[in-house]
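One structure below.
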Amino acid sequence: MAFYRADVQYGIEAWQTPDLGFYYCCMVWYFNADTTDEYDHAREGAIRITSEWLATNVVIWDLFITDLGTDIVVEHTHPVWDHPVLSGPFGLVQMSVFARLLGDGRQVSYKRIRSPVRFEDMDDDGNLTDWALAYYQSVADLVADYGCFTNVHGVPIDAAVINRRVYSWQLRHGTKRRNRRRTV
């Protein structure tokens, strides 16, 4: 059985200050695949879920899939998947939605959905509105529907739950993110 890591990388145009260029981020998915069909299924899931969680215009896409058994990049493409482009105004770039990834009812991993959250999708207390929570959760349900993802240690993920609270995050220098492949 081959164990893969799919790095779905994207760039969002600076919506508040266009001269800043792009805001870059990556969502990482792990999966096992024995056959081409299993590989294609997981590949589609990684692209689709990442894309549908993004609520703004994504203009740069890259997909790197690495066979973790050999550490060889087996695929590098520029994927295409239609995603909603919700109207702004969007909030601050560091605001993110948090998804808990569960295996047998316990959290085994998580995702920070680093796409600007619209002001209208947050209440005054920094929580997602009912509409926004339902939207993000409907995409999170695809994790279980695809049924092929694991955490970095190979533990199967069978559900994803969106936290109502909108969180701020900060990229710190020296994190492993600096060492990931990126094409610009």
Requested in this report: Considering (1) open to solvent by less than 60 Å² (accessible area, probe 1.4 Å); (2) out of contact with any helix residue (DSSP H, G or I) (no Cβ under 8 Å at 6 or more places or on another chain); (3) at negative phi; (4) modelled with pLDDT under 95, say which one PRO18 fails and leave the rest.
Outcome: (1)
Query - Filter result (not polar (S, T, N, Q) and not in a helix (DSSP H, G or I)) within the stretch 122-139 - result: MET122, ASP123, ASP124, ASP125, GLY126, LEU128
**Report entry** Residue count for the stretch 103-121, restricted to those that are in contact (Cβ under 8 Å) with a residue 60 or more places away in the chain and part of a strand (DSSP E or B)
**Finding:** 3
**Report entry** Single condition ASP62 does not satisfy, out of (1) crowded, with 18+ Cβ neighbours inside 10 Å; (2) at pLDDT 95 or above; (3) assigned to a strand (DSSP E or B)
**Finding:** (2)
Requested in this report: Test TYR24 against the criterion of being modelled with pLDDT under 80 and of a type in the set (Phe, Trp, Tyr), and give yes or no.
Outcome: yes
Report summary line: Residues in the stretch 28-57 that are within 16 Å of GLY69 (Cβ to Cβ), free of Cβ contacts under 8 Å to residues at least 60 places away in the same chain and either part of a helix (DSSP H, G or I) or open to solvent by less than 40 Å² (accessible area, probe 1.4 Å) (or both) total 1
Query raised in the report: Checking ARG100 against (1) under 13 Å from the mean Cα position of the chain (by Cα); (2) open to solvent by less than 30 Å² (accessible area, probe 1.4 Å); (3) at pLDDT 90 or above, which single condition isn't satisfied?
Result: (2)
Report task. Answer yes or no as to whether ASP145 is open to solvent by 20 Å² or more (accessible area, probe 1.4 Å), at pLDDT 95 or above and over 23 Å from GLU44 (Cβ atoms). Result -> no
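The values are calculated or read from the model by the stated rules, or taken from the named source; none is laboratory data. Not measured: the values here are computed from a predicted model. All Cβ positions, even for glycine, are placed from backbone atoms using ideal geometry, and neighbour counts span all protein chains on display. What goes into the accessible areas is simple: the full protein's heavy atoms, side chains included, and nothing from ligands, DNA or RNA. Shrake-Rupley method; radii C 1.70, N 1.55, O 1.52, S 1.80 Å.
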